[in-house]
Amino acid sequence: QVQLVESGGGLVQAGGSLRLSCAASGRTFSNLHMGWFRQAPGKEREFVARISWSDGRTYYADSVKGRFTISRDNAKNTVYLQMNSMKPEDTAVYHCAASRFIATHPPLYEYWGQGTQVTVSS
């Protein structure tokens, strides 16, 4: 079992930055691929970014490419999402998730955090 706890959300103006953190506990974190997803009110949960455990390879949704950066520190059992040049459409609850698979589809992620609210004002 893996427990994931997100932090770092909040209110930011358009063009600003936030860094989200996701702390993991439980089974071996370093063997899991990690992802960030977000869900806005009335919308489905969507993929944001992922990072593999083995080589740190990353992949991003087109909507955040060039603005967001995912990273991980296996020694601290923590994954991060640095969000720059933020836009009002980035407003959502952000969740981190862990998977044995390199994936972008939410059903392939076995473990989820409760989420942290990010609000971007215009």
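Structural remarks
- Only one entry of 36, 53 meets the criterion of being in contact (Cβ under 8 Å) with a residue 40 or more places away in the chain and closer than 13 Å to residue 98 by Cβ, and that entry is 36.
- Filtered by the rule that a residue be open to solvent by 50 Å² or more (accessible area, probe 1.4 Å) and under 18 Å from residue 3 (Cβ atoms), region 104-114 gives 110, 112, 114.
- For residue 117, the criteria (1) loosely packed, with under 14 Cβ neighbours inside 10 Å; (2) farther than 17 Å from residue 5 by Cα hold in every case but one, which is (2).
- Residue in region 46-53 that is at pLDDT 95 or above, farther than 20 Å from residue 4 by Cβ, open to solvent by less than 30 Å² (accessible area, probe 1.4 Å) and in a strand (DSSP E or B) present: no
- The lone criterion from (1) under 19 Å from residue 3 (Cβ atoms); (2) open to solvent by 30 Å² or more (accessible area, probe 1.4 Å); (3) assigned to a strand (DSSP E or B); (4) not hydrophobic (A, V, I, L, M, F, W, C) left unmet by residue 59 is number (1).
- Residue 69 free of Cβ contacts under 8 Å to residues at least 60 places away in the same chain, open to solvent by 60 Å² or more (accessible area, probe 1.4 Å) and either touching a Lys or Arg at 6+ places or on another chain (Cβ under 7 Å) or β-branched (Val, Ile, Thr) (or both): yes
- Candidates are the residues of region 88-103 that are under 22 Å from residue 27 (Cα atoms) and open to solvent by 10 Å² or more (accessible area, probe 1.4 Å); the one that is nearest to the chain's Cα centre (by Cα) is 95.
- Residue within region 1-24 that is small (Gly, Ala, Ser), surrounded by fewer than 12 Cβ atoms within 10 Å (Cβ to Cβ) and at pLDDT below 95 present: no
The values are calculated or read from the model by the stated rules, or taken from the named source; none is laboratory data. Everything numeric in this text was worked out from a predicted model, so none of it was measured. When we count neighbours, we look across all protein chains shown, and the Cβ atoms used for this are built from the backbone with ideal geometry, even at glycine. Protein only, heavy atoms only, side chains kept; ligands, DNA and RNA dropped before computing areas. Shrake-Rupley method; radii C 1.70, N 1.55, O 1.52, S 1.80 Å.
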